[in-house]
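S.K.: Dropping a structure here in structure tokens format, bear with me for questions.
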Number of protein chains: 4
Amino acid sequence: MTTSAQHLTGVVPPLVTPLTPEYDVDTASLARLINHQLTGGVSGVFVLGTSGEGTFLTDEQRQTVLETTVSEVSGQVPVLAGAIDTSTARAGAHIAAAQKAGVDGVVATAPFYAATHPAEIERHFTRLAAVAGETPMFAYDIPSRVGTKLNSALMIELGRQGIVAGVKDSSGQETSLRQLVLDRAAAALDGFTIMTGSELTVDTSLSFGVDGVVPGLGNVDPAGYVKIFDSVRSGDLAGARQEQDRLFRLFEIIDVADRRRMGASSAALGAFKAGLYVLGVIACPVTAYPSVPLSDEEIAGIRSLLERAGLLD
Amino acid sequence: MTTSAQHLTGVVPPLVTPLTPEYDVDTASLARLINHQLTGGVSGVFVLGTSGEGTFLTDEQRQTVLETTVSEVSGQVPVLAGAIDTSTARAGAHIAAAQKAGVDGVVATAPFYAATHPAEIERHFTRLAAVAGETPMFAYDIPSRVGTKLNSALMIELGRQGIVAGVKDSSGQETSLRQLVLDRAAAALDGFTIMTGSELTVDTSLSFGVDGVVPGLGNVDPAGYVKIFDSVRSGDLAGARQEQDRLFRLFEIIDVADRRRMGASSAALGAFKAGLYVLGVIACPVTAYPSVPLSDEEIAGIRSLLERAGLLD
Amino acid sequence: MTTSAQHLTGVVPPLVTPLTPEYDVDTASLARLINHQLTGGVSGVFVLGTSGEGTFLTDEQRQTVLETTVSEVSGQVPVLAGAIDTSTARAGAHIAAAQKAGVDGVVATAPFYAATHPAEIERHFTRLAAVAGETPMFAYDIPSRVGTKLNSALMIELGRQGIVAGVKDSSGQETSLRQLVLDRAAAALDGFTIMTGSELTVDTSLSFGVDGVVPGLGNVDPAGYVKIFDSVRSGDLAGARQEQDRLFRLFEIIDVADRRRMGASSAALGAFKAGLYVLGVIACPVTAYPSVPLSDEEIAGIRSLLERAGLLD
Amino acid sequence: MTTSAQHLTGVVPPLVTPLTPEYDVDTASLARLINHQLTGGVSGVFVLGTSGEGTFLTDEQRQTVLETTVSEVSGQVPVLAGAIDTSTARAGAHIAAAQKAGVDGVVATAPFYAATHPAEIERHFTRLAAVAGETPMFAYDIPSRVGTKLNSALMIELGRQGIVAGVKDSSGQETSLRQLVLDRAAAALDGFTIMTGSELTVDTSLSFGVDGVVPGLGNVDPAGYVKIFDSVRSGDLAGARQEQDRLFRLFEIIDVADRRRMGASSAALGAFKAGLYVLGVIACPVTAYPSVPLSDEEIAGIRSLLERAGLLD
């Protein structure tokens, strides 16, 4: 595998953060999750992202996640860490802490809570790059959470300047992803990484030139995503599509929990954690406070969908 | 004035955080700003809110703001502190720090970045109240930033339980504000504070039962807002309206900066700071990094509007 | 009453269109509704607006509504007619038909379905004014339906040119309404009418200079709105507020129908019609096809709220 | 080609409606446009859709478009007609007129202006199907204009009942399109047509099972889209991608017009018409009133992009 933190390819799941019933980081479960991923054939792991509930954790908890991950991965694949916070100063502090813990790359969004402008987003990443130094930094485009869409032209320009090493696109907009790929080609910026965060369109995204995927559902089934990646690489698009279709249906686990009782984030992350719990990978399916946890009945519903997808014997 | 941190009334401006050109907290300017407010007759001050750029500052900078303010106000009026962050754990840490610094009340939003649900918002405030202990906590309703509207029925229920002391409504929805007032009356929850954050409709909001206002524009012209409040209290609604109309026009300062160059937050907060700079209250008009600063020409435009409003001789 | 179609004041309810169980216009019920309004003291009626389900009706049905209304009102108050359609050509055809039927004024929105621009909205109203000729035309600002907010400066400019006689503001934004009032004063455009379509903030809107109200809830309780108007005019703001508070609570009828079964429009218009049905004014509470009708149980719930509001003996 | 109006495949462009400078339908230009399409190898044409400015035209103008098209196409390919209007009654009248004019299929959206609910959308299509009778009816999913997303499960159910023959998906959401394809397979509803209206992702959509495309840009370059379709069918995905990439860049014509002067619809449709004007297909590039027309300079800019795409010698 030619993956490096500078130019990512393949499957880099955004790891959930296993918690104890008391909402502490469960390092033993995290270690098992990492091994579940490495066994599945992932080419990197991404901690403290949206799926990692990074914005819920205290600095101490974040530190625990970083240290456990770096130690457990032990150089087998690159470790990326999210540095997602409201402002440049705060995201910069997370970057510094992640570097100190020994990660291979960092991932930052635009500022949020306050309304921003592309010129301000450019200033933001430029200063963060100075903090990151030699550590590659990826821009994370997630307008549903941040309220701003990262502009393709700006991203390519920041890539040209060596400020960002690439983009993780969780915008859900295939055309903007394709725009990035075409703009990268037009700029002859071959080393610039483009990853999709959309777990339901991976086969097609890879086929038009995206380098890899950061699939939340990959927590549960990393091997499935690796199979899609390998199939596309070997030219077997029909095989890739068949596997994507299986995972498309597996993604229905996020619709099991009752949205009248909890938010969309709790339902989706709760489903990933419930899946890992059912698989015996993590010890407790709870999501970060104040998220409402899934009921036993909802967890049983998720178990059925895992069975249907062939993940339980 | 019968105001207390437990039951606020009157004008409680959300103070901007004066910064040096190097983006440090300018404590001398902050002290002058506080005196500008006290001279203007405010009944409280609110630091580290949205106008205070609380989400941009580091914990150390926040600490400086808290200490300077508590010391400078010196008990003359209640000091409120924002504890605005993405999750319960983080907002709780801010509450603990603010209490330690000696504030009289704290102000927290719903969690953000992750999508939430009313049940999760209830869990959030309930746990924060346990942290706040005897210090009154106000819920801050600002859906444009947080992505969720606080529900009137939930707020009144949390008031009934003693979890929140009141609401600061920056939703911009007069009907939701009125709903709160009517629901408070129906619940006979007289001690529950309702403040509006909408600086352009203060006269009418006070006339239908809102207790006071948290006006960003009050940074520049606290006396104007105090005049509206006093006029309504004395039954002079025509006088209140005339003053509100003057301040409505003064609010045009937020439209001076070129929105093609900067975000809406930078334009609005930059205008408040430019106004204070022109008035000689603060030494430097810069907004927090990565916000784009106003140009000299834009600051001159704001000066003209201050002149038109009678704030410069 | 000094109201005229050129300069409206007072209460001008947007009449619902009573339908038979077969979805024909029920002219007998419409006549009773008009008498219910005139008895209530309204200063005008507005047919074929949003509450009138104008966009649901065929041209023949619209014609029936226009003729019945003009005949039944018989000059006692001005009759306004909605000319709400996707484009200039179509709205123009509705204006021509309304004129021919003898209405006193017409009401048009910006174009919708296609995305528009202020310059295109200006072209739209300019051409419609040529169709309307001597008949006063009001601009109807309802961004929730049309997708565009009418800009205050443009409205005042169109008023100055004699193209629109005024604005009906159903934006729900008190500040934009106040902006209109201030801009009208700055332009010394005294004859320009400003009506609010927000039935829950009438007392305060009137107090800062709005001329009148077009309340959907006025279908059910026109006398209540007339009482608010008269109270404000006579300087009795406390009385106005008390009546507004009563009507605020009565407006809860729109929350009775189950939103899991039907859309928001069906629930609100269904509630107004159910209220009129319970009061014996109209013969059938059905809303236009394909709206889901309210159940008997839901209608009973609305009856209870009418009782609570003192509308049933 | 196995296309029929009942089960569409291939490229079915949504034809613009050529207008004279006086805003009449230019039937000679429309005839040339149809021949431009047939020469390009399209498998159907769709008139009076969003690109056809159907919501701008009077009933007489619509009739002219229908008759001209049916006559000019003369049975060589199926003719589809849009029946896009605010309510069931109005859309039904358009369907009846289109049938009388001899079209092969009709296309209808959910109701709009009023807020709707899935149950109401179901009632809407059910009644429209009764009007359409033997003529196949397609559901048109365009939430950006209509305000509601058509639900995959409902569409498949309506397909199962024979109410709709398929869906044209202009939601821009690849995952919802893929959901439709998977749900169709799960329901074994092979004859149900799924077309995408997203002209920038045609190669990938076809590769995962979509039947064809309704590309606005196909007005200008129908042969390009036919080439994508044929390439995918013959298994040449690289060739399909190369052609899609060329058309992706050609789509930049919609960004030439100054959005500070006109709306997004005017800029996009104006670009398609300007392209056809530059190619000599239509005689006048004007879009429907009140849209602002493109300037000569903007048309020249579009000419350059056509040259770059190899469409001019």
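The values are calculated or read from the model by the stated rules, or taken from the named source; none is laboratory data. Note that this is a predicted model, so its numbers are computed, not measured. Ideal geometry is used to build each Cβ from the backbone, glycine not excepted, and the neighbour counts take in all protein chains shown. These accessible areas exclude ligands, DNA and RNA; they are computed on the full protein's heavy atoms, side chains included. Shrake-Rupley method; radii C 1.70, N 1.55, O 1.52, S 1.80 Å.
S.K.: Out of the range C:132-142, which residues are away from every other protein chain (no Cβ under 14 Å) and among the β-branched types (Val, Ile, Thr)?
M.R.: Within the range C:132-142, just C:135 meets the criteria.
S.K.: Quickly run through the range D:169-207 and pick out the residues that are over 16 Å from residue A:245 (Cβ atoms), of a type in the set (S, T, N, Q) and open to solvent by 10 Å² or more (accessible area, probe 1.4 Å).
M.R.: D:170, D:171, D:173, D:198
S.K.: Right, next: Quickly run through the range A:179-209 and pick out the residues that are in a helix (DSSP H, G or I) and of a type outside the set (Gly, Ala, Ser).
M.R.: A:179, A:180, A:181, A:182, A:183, A:184, A:202, A:203, A:204, A:206
S.K.: Does residue B:60 meet the test of being surrounded by fewer than 24 Cβ atoms within 10 Å (Cβ to Cβ), within 25 Å of residue B:275 (Cβ to Cβ) and without any contact (Cβ under 8 Å) to a residue 12 or more places away in the chain?
M.R.: no
S.K.: Something else about it: Of these, D:218, D:239, D:224, which one is at pLDDT 95 or above, touching a Ser or Thr at 6+ places or on another chain (Cβ under 6 Å) and part of a helix (DSSP H, G or I)?
M.R.: D:239
S.K.: Return the pairs, sorted by first residue and then second, in which the second residue is among the hydrophobic types (A, V, I, L, M, F, W, C) and in a strand (DSSP E or B), the first residue lies in the range D:178-203 and is touching a residue at least 24 places away in the same chain (Cβ under 8 Å) and away from chain A (no Cβ under 14 Å), the beta carbons are less than 9 Å apart, and the residues are 6+ apart or on different chains.
M.R.: Within 9 Å, the pairs are D:192/D:167; D:193/D:138; D:193/D:167; D:194/D:167; D:195/D:138; D:195/D:167; D:195/D:213.
S.K.: Here are the criteria: (1) over 13 Å from residue D:86 (Cβ atoms); (2) part of a helix (DSSP H, G or I); (3) touching a strand residue (DSSP E or B) at 6+ places or on another chain (Cβ under 8 Å); (4) not aromatic (Phe, Trp, Tyr). Tell me which single one residue C:106 does not satisfy.
M.R.: Unmet condition: (2).
S.K.: May I pose another question? Just wondering, is there one or more residues in the range D:222-236 that are in contact with a strand residue (DSSP E or B) (Cβ under 8 Å, 6 or more places away or on another chain), away from chain A (no Cβ under 14 Å) and among the β-branched types (Val, Ile, Thr)?
M.R.: Yes.
S.K.: Restricting attention to the range D:251-284, which residues are more than 10 Å from every other protein chain (Cβ to nearest Cβ) and among the hydroxyl-bearing types (Ser, Thr, Tyr)?
M.R.: Selection gives D:277 alone.
S.K.: Is it the case that residue B:64 is within 14 Å of another protein chain (Cβ to nearest Cβ) and at pLDDT 95 or above?
M.R.: yes
S.K.: Then there is this: Give the number of residues within the range D:71-91 that are part of a loop (DSSP other than H, G, I, E, B), open to solvent by 10 Å² or more (accessible area, probe 1.4 Å) and touching a helix residue (DSSP H, G or I) at 6+ places or on another chain (Cβ under 8 Å).
M.R.: 2
S.K.: Taking into account only those residues within the range D:159-168 that are free of Cβ contacts under 8 Å to residues at least 40 places away in the same chain and either under 17 Å from the mean Cα position of the chain (by Cα) or crowded, with 23+ Cβ neighbours inside 10 Å (or both), which is nearest to the other protein chains (Cβ to nearest Cβ)?
M.R.: It comes out as D:164.
S.K.: So residue B:83 ticks every box in (1) more than 7 Å from chain A (Cβ to nearest Cβ); (2) touching an Asp or Glu at 6+ places or on another chain (Cβ under 9 Å) but one. Which box is left unticked?
M.R.: (2)
S.K.: Looking only at the range C:255-301, filter to residues that are under 21 Å from the mean Cα position of the chain (by Cα) and farther than 19 Å from residue C:21 by Cα; which one of those is most open to solvent (accessible area, probe 1.4 Å)?
M.R.: If we take residues in the range C:255-301 being under 21 Å from the mean Cα position of the chain (by Cα) and farther than 19 Å from residue C:21 by Cα, then C:255 is most open to solvent (accessible area, probe 1.4 Å).
S.K.: Considering (1) at pLDDT 95 or above; (2) part of a loop (DSSP other than H, G, I, E, B); (3) of a type in the set (S, T, N, Q); (4) surrounded by fewer than 24 Cβ atoms within 10 Å (Cβ to Cβ), say which one residue D:3 fails and leave the rest.
M.R.: (1)
S.K.: Being assigned to a loop (DSSP other than H, G, I, E, B) and over 27 Å from residue A:110 (Cβ atoms) is the filter; apply it to the range B:6-21 and report the residue that is most open to solvent (accessible area, probe 1.4 Å).
M.R.: B:6
S.K.: What about residue A:246, is it open to solvent by 50 Å² or more (accessible area, probe 1.4 Å) and assigned to a helix (DSSP H, G or I)?
M.R.: Yes.
S.K.: Mind checking which residues of the range B:144-158 are open to solvent by 30 Å² or more (accessible area, probe 1.4 Å) and in contact with a Lys or Arg (Cβ under 9 Å, 6 or more places away or on another chain)?
M.R.: Matches in the range B:144-158: B:147 only.
S.K.: Something else about it: Among A:271, A:283, A:257, A:288, which is the only one that is under 30 Å from residue B:111 (Cα atoms), of a type in the set (A, V, I, L, M, F, W, C) and not in a loop (DSSP other than H, G, I, E, B)?
M.R.: Just one listed residue meets the conditions, A:271.
Rundown of residues vs (1) in contact with a Phe, Trp or Tyr (Cβ under 9 Å, 6 or more places away or on another chain); (2) not in a helix (DSSP H, G or I), yes/no style:
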| residue | (1), (2) |
| --- | --- |
| D:125 | no, no |
| D:150 | yes, yes |
| D:155 | yes, no |
| D:177 | yes, no |
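S.K.: Residues in the range B:254-263: is at least one within 20 Å of residue C:176 (Cβ to Cβ) and in contact (Cβ under 8 Å) with a residue 24 or more places away in the chain?
M.R.: So far as the range B:254-263 goes, yes, one or more of its residues are within 20 Å of residue C:176 (Cβ to Cβ) and in contact (Cβ under 8 Å) with a residue 24 or more places away in the chain.
S.K.: Among the residues of the range A:95-131 satisfying the criterion of being more than 14 Å from chain B (Cβ to nearest Cβ) and either more than 24 Å from residue A:44 (Cβ to Cβ) or surrounded by fewer than 24 Cβ atoms within 10 Å (Cβ to Cβ) (or both), which is farthest from the chain's Cα centre (by Cα)?
M.R.: A:100
S.K.: Being open to solvent by less than 10 Å² (accessible area, probe 1.4 Å), in contact with a Pro (Cβ under 9 Å, 6 or more places away or on another chain) and part of a helix (DSSP H, G or I) is the filter; apply it to the range C:22-44 and report the residue that is farthest from residue C:10 (Cα to Cα).
M.R.: So, considering only residues that are open to solvent by less than 10 Å² (accessible area, probe 1.4 Å), in contact with a Pro (Cβ under 9 Å, 6 or more places away or on another chain) and part of a helix (DSSP H, G or I), the one farthest from residue C:10 (Cα to Cα) is C:29.
S.K.: Could you say which residue among D:21, D:78, D:13 is touching a Cys at 6+ places or on another chain (Cβ under 6 Å) and away from chain C (no Cβ under 14 Å)?
M.R.: Going through D:21, D:78, D:13 in turn, just one is touching a Cys at 6+ places or on another chain (Cβ under 6 Å) and away from chain C (no Cβ under 14 Å): D:21.
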